[in-house]
Every structure is written in structure tokens, then in C-alpha cells.
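Colleague: Handing you a structure now.
Bear in mind these aren't lab numbers, they're just calculated from the coordinates by the rules spelled out. Here the structure is a predicted model, which means the values were calculated and not measured. Neighbour counts are summed over all protein chains in view; Cβ atoms, including those assigned to glycine, are modelled from backbone coordinates with ideal geometry.
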Amino acid sequence: MPVNLSGRSFLKLLDFTPDEIRYLIRLSKQFKNLKLSGTPHKYLEGKNIVLLFEKTSTRTRCSFEVAGYDLGMGVTYLDPGSSQMGKKESIEDTARVLGRMYDGIEYRGYSQELVEELAANAGVPVWNGLTDEFHPTQMIADMLTVEENFPGGIKGLKFVFMGDARNNVANSLMVVCSKLGLHFVACGPEDRMPEESLVATCRELCEQSGGSVTLTSSVEEACTGAHVIYTDIWVSMGEPTELWAERIKLLSPYQVNADVMALASDDAIFLHCLPSFHDLKTTIGAEIYEKFGLPEMEVTDEVFEGPQSRVFDEAENRMHSIKAIVYATLR
Ligand code: CP
Ligand code: NVA
């Protein structure tokens with residue numbers, strides 16, 4: 001069956017079939033080739049999109065902006081400090097107004113319910129640029145990066161998420177791996193594992209795809225023979241900073257370091273959605289060092305900068321894949 005995503009919102013990967021997800025990865029590759037060869041692709045000239053950010057962003061914002069410009073569109077960026085959004089006007093009202101002016105709306109914020117509500121009311125496609133629960137656009141870039149490194153196919157690969165396996169990125173990785181038939185392993189402390197109901201949903205998806213979902217606190221069990229080792233920061237945006245002490249204690253055993261990478265397959269790659277605390281060159285990194293004496297957190301600088309790290313290819317792929325998502329839903 002041909003895939004047609006025109007007019008659809010992109011809120012979470014649970015809403016998409018494996019064929020639709022594979023189509024978006026394929027389309028991302030095509031846009032990457034167009035960009036690399038300098039071939040113009042202003043396929044959406046005359047359209048306009050608006051980007052609503054209630055949390056900060058580098059990659060997602062810039063990817064939507066560059067994707068929009070490359071596709072020939074007008075792009076508006078709004079944050080709570082420069083619009084009525086949040087303080088004087090609800091997000092829902094904001095979206096209903098913007099739906100009258102724009103062809104598509106990106107939203108990064110807190111609850112998943114809110115982005116779903118936006119999509120129900122906006123009358124135009126809404127793209128989830130990260131909520132507390134999911135980060136779906138990141139997944140298309142991540143799977144593209146995995147495919148680039150395993151050209152023989154990604155089905156059946158062992159994909160390990162280390163650390164805070166209850167966060168938005170881990171949830172989304174579990175979903176995409178289950179849809180595409182990878183063996184997903186969440187490795188962390190028991191009380192930072194994904195919600196049981198989402199695990200159950202993903203295990204059902206695995207029956208179709210041939211993938212699997214494993215939850216473990218054993219680094220050795222998780223990482224032995226792994227093809228991809230992925231991690232994310234230990235306290236996500238919107239969580240209270242007081243959590244740092246507790247999370248450092250809980251998650252330090254799950255830091256990705258050279259010993260962890262040594263357990264993995266020889267051709268294993270390291271991925272991280274970024275931003276990352278791998279050195280002392282950030283304000284928060286320096287503060288944590290002063291308070292807790294930790295010079296690096298979820299990943300060591302050695303692994304982050306090492307030969308198996310693909311984090312900057314992954315970051316670049318955000319732009320190609322967001323372009324594919326925007327194009328597919330607005331064409
Ligand atoms: N990975 C990611 O979403 O990065 P930003 O927070 O910079 O957008
Ligand atoms: N889990 C992180 C992802 C950032 C891209 C956060 O929500 O802050």
C-alpha cells in the first residue's frame with residue numbers, strides 16, 4: 001500500500017505503522033542527498049509554519065527553521081517570553097488562532113495531552129517537538145543514523161538505553177524499536193523503568209515485528225553484544241533541579257563509559273539525543289562538579305569523543321528527518 005501522510009499530525013510513533021515510519025526514514029535519506037548535492041527543494045513554497053516552544057531547544061528549533069526555509073516556507077518562532085502564549089492566552093486558544101494563519105504548528109512543551117489537544121483543535125498538522133512523555137521527531141533521526149551504520153538492516157539489532165529509562169526519549173525509543181523489530185533493552189534502576197502499560201503495548205507490537213523489550217538493572221546483561229548504546233541526561237527539562245542529588249546516586253552505575261562500550265559488539269555505535277553533560281564546559285556541568293564532584297555524567301568524555309560515537313551525525317539527521325516529516329504531512 002502506498003504511504004500517504006498528507007494532513008496528518010505527528011504526535012507520537014504509536015500512531016504510525018511500521019511502513020509509515022520506514023517511509024519517513026527513507027524520505028529523510030532522500031532529503032539528505034538533496035541537501036548534500038546542493039539540489040534546491042523548495043517543494044512547499046507559499047506555505048507558512050509556526051514553532052511554539054515552552055521549553056528551550058537548539059537542535060529541534062534549528063531543524064524546523066532550516067527545514068522550513070529549505071522547503072521554501074515562511075517560519076515564525078514563538079516562545080512564552082515573546083508572545084501571549086501561556087501567560088495571557090492558553091496554549092489551546094493560541095493554537096486555534098495560529099491554525100487560521102499557518103499551514104502547520106510545531107509544539108514543544110510539557111504534557112502529551114496538551115499537544116494532542118492542540119492537534120484536535122488546530123485544523124492543521126501539529127508536530128510534537130518533545131513533551132514530558134515522548135520525543136517522536138528524534139526517533140526518525142535516530143533510526144536513520146542506525147541505518148547508516150548498519151546498512152545490512154536494522155531489524156534484529158540489540159539497542160540498549162542506559163540510565164533514566166522512564167524519560168521521553170527512552171519511551172519513544174522503546175516504541176520505535178518495537179515497531180521496527182529491534183531488540184530494545186532498558187538498563188537502569190527499577191524505579192526509573194518505563195511505565196508498565198507502555199511496556200505492555202510495546203511487547204504486543206513486538207509480536208508483529210519480531211522485536212523484544214527487556215528491562216534490566218544489569219549493565220553486563222544489557223550491554224553484552226549490543227549494537228547501539230544510547231543515553232540521555234539524568235534530569236530532563238521541566239523536572240525540579242532538586243532531583244539532581246537523587247538521580248546522580250541512582251543513575252551513576254549506568255554511566256556509559258569505556259567498560260560499558262567494551263561489552264558491546266565490535267561494530268557498536270554510541271548515540272545521545274543531546275545536549276549532554278560529558279565535560280565541565282556547561283554551567284550545569286560545572287555546578288554539579290562543584291556540588292557532587294562529578295566531572296562527567298551520563299557519558300564519559302572519552303566515549304562521547306571516541307571512535308564509536310555518532311552523536312553529531314545524529315544531530316545533523318534531526319534536520320533531514322524533520323524536513324521529511326514536515327514535507328510528508330504538508331505536501
Ligand atoms: N535532541 C534535542 O531535542 O535537542 P534540543 O533540545 O536542542 O532541541
Ligand atoms: N530527556 C531530555 C531530552 C532532551 C532532548 C529532556 O526532556 O530534557
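Colleague: Mean separation of Cα pairs under 8 Å and 6+ residues apart, divided by the residue count of the chain: what relative contact order is that in percent? The partial results should precede the final answer.
Modeller: Numbers: 655 pairs, mean separation 69.2, N = 331.
Answer for the chain is 21 percent.
Colleague: Follow-up. Would you calculate, for the chain, the mean residue ellipticity at 222 nm contributed by helices, counting each DSSP H stretch of 4 or more residues as -39,500 (n - 2.57) and dividing by all residues, to the nearest 500? Working shown, then result.
Modeller: Details: 13 runs with 148 residues, N = 331.
Here the helix-only value at 222 nm equals -13500 deg cm²/dmol.
Colleague: Also: Taking a spot 7 Å from the Cα of Glu239 along the direction of its beta carbon, which residues of segment 126-151 have an amide N less than 16 Å from it?
Modeller: Under 16 Å, as judged by backbone N against the label point of Glu239, lie 131-135 of segment 126-151.
Colleague: Using only Cα atoms, find the angle between the long axis of helix 91-101 and the longest principal axis of the chain, and express it within 0 to 90 degrees, rounded to the nearest 10.
Modeller: Relative to the chain, helix 91-101 is tipped by roughly 50 degrees.
Colleague: Could you give the angle, 0 to 90 degrees to the nearest 10, between helix 112-122's Cα long axis and the longest principal axis of the Cα atoms of the chain?
Modeller: The helix 112-122 is inclined about 10 degrees to the chain.
Colleague: List, in the order given, every pair from Lys12/Lys47; Lys12/Lys291; Lys179/Lys323; Lys29/Lys88; Lys155/Lys323 whose Cα-Cα distance in the structure shown is over 32 Å. Could the numbers behind the result be given before it?
Modeller: Details: Lys12/Lys47 24 Å; Lys12/Lys291 37 Å; Lys179/Lys323 22 Å; Lys29/Lys88 41 Å; Lys155/Lys323 24 Å.
Distance filter (> 32 Å) returns Lys12/Lys291; Lys29/Lys88.
Colleague: Another question, then. For a protection proxy built on the mean count of beta-carbon atoms within 10 angstrom, sort 225-234, 209-218, 186-195, 173-182 highest first, please. Numbers along the way, then the final one.
Modeller: On the way: 225-234: 24.1, 209-218: 16.5, 186-195: 18.4, 173-182: 26.8.
In decreasing order of mean packing, 225-234, 209-218, 186-195, 173-182 become 173-182, 225-234, 186-195, 209-218.
Colleague: Turning to a different aspect of this structure: So what's the net charge close to Val3: Lys and Arg +1, Asp and Glu -1, counting the other residues with Cβ under 10 Å from its Cβ?
Modeller: Details: positive: Arg22, Arg26; negative: Asp19, Glu20.
Net charge in that neighbourhood comes out at 0.
Colleague: Give me the distance between the Cα centres of segment 202-274 and segment 90-159, rounded to whole Å.
Modeller: 22
Colleague: What angle do you read, to the nearest 10 degrees and between 0 and 90, between the alpha-carbon axis of helix 168-180 and the longest principal axis of the chain?
Modeller: Helix 168-180 sits at roughly 90 degrees to that axis.
Colleague: Sum up the charges of everything whose Cβ sits under 15 Å from the Cβ of Lys249, counting Lys and Arg as +1 and Asp and Glu as -1, but leave Lys249 out. Kindly include the intermediate steps, with their values, before the conclusion.
Modeller: Details: positive: Arg192, Arg247, Lys291; negative: Asp164, Glu190, Asp191, Glu242, Glu246, Glu298.
It works out to a net charge of -3.
Colleague: Find out how many positive minus negative residues lie around Asn149, taking Lys and Arg as positive, Asp and Glu as negative, among other residues whose Cβ is under 15 Å from that of Asn149.
Modeller: Neighbourhood net charge equals -3.
Colleague: Right, something else. Which of the peptides 27-35, 147-155 is most tightly packed, and how do the rest follow, going by the mean number of other Cβ atoms within 10 Å of each residue?
Modeller: 27-35, 147-155
Colleague: When the chain is fully extended, how far beyond the present Cα-Cα distance does Thr201 get from Gln84, taking 0.36 nm per residue of separation?
Modeller: Gain in length upon complete extension: 38.3 nm.
Colleague: Let me ask something else. If I model the chain as equal point scatterers sitting on the Cα atoms and use the Debye formula, what is log10 I(q)/I(0) at q = 0.07, 0.08 Å⁻¹?
Modeller: These q points yield log10 I(q)/I(0) values of -0.27, -0.36.
Colleague: Between Asp19 and Glu148, what length in nm is gained on full extension when 0.36 nm per residue of separation is reduced by their alpha carbon distance? If you can, show how the numbers build up before the last one.
Modeller: Working: separation 129, 0.36 × 129 = 46.44 nm, distance 1.83 nm.
My answer for the length gained is 44.6 nm.
Colleague: Stretched out fully, how many nm does the piece from Arg331 to Thr214 gain, at 0.36 nm a residue minus the Cα gap?
Modeller: Values: separation 117, 0.36 × 117 = 42.12 nm, distance 3.83 nm.
Separation in residues times 0.36 nm, less the Cα-Cα distance, equals 38.3 nm.
Colleague: Taking a spot 7 Å from the Cα of Glu287 along the direction of its beta carbon, which residues of segment 245-269 have an amide N less than 13 Å from it?
Modeller: Zone members listed by number: 245.
Colleague: May I ask you to order 308-318, 235-245, 197-207 by the average number of other C-beta atoms within 10 Å around their residues, highest value first? Can you show the working numbers first?
Modeller: On the way: 308-318: 19.5, 235-245: 13.9, 197-207: 15.5.
Peptide ranking by packing, descending: 308-318, 197-207, 235-245.
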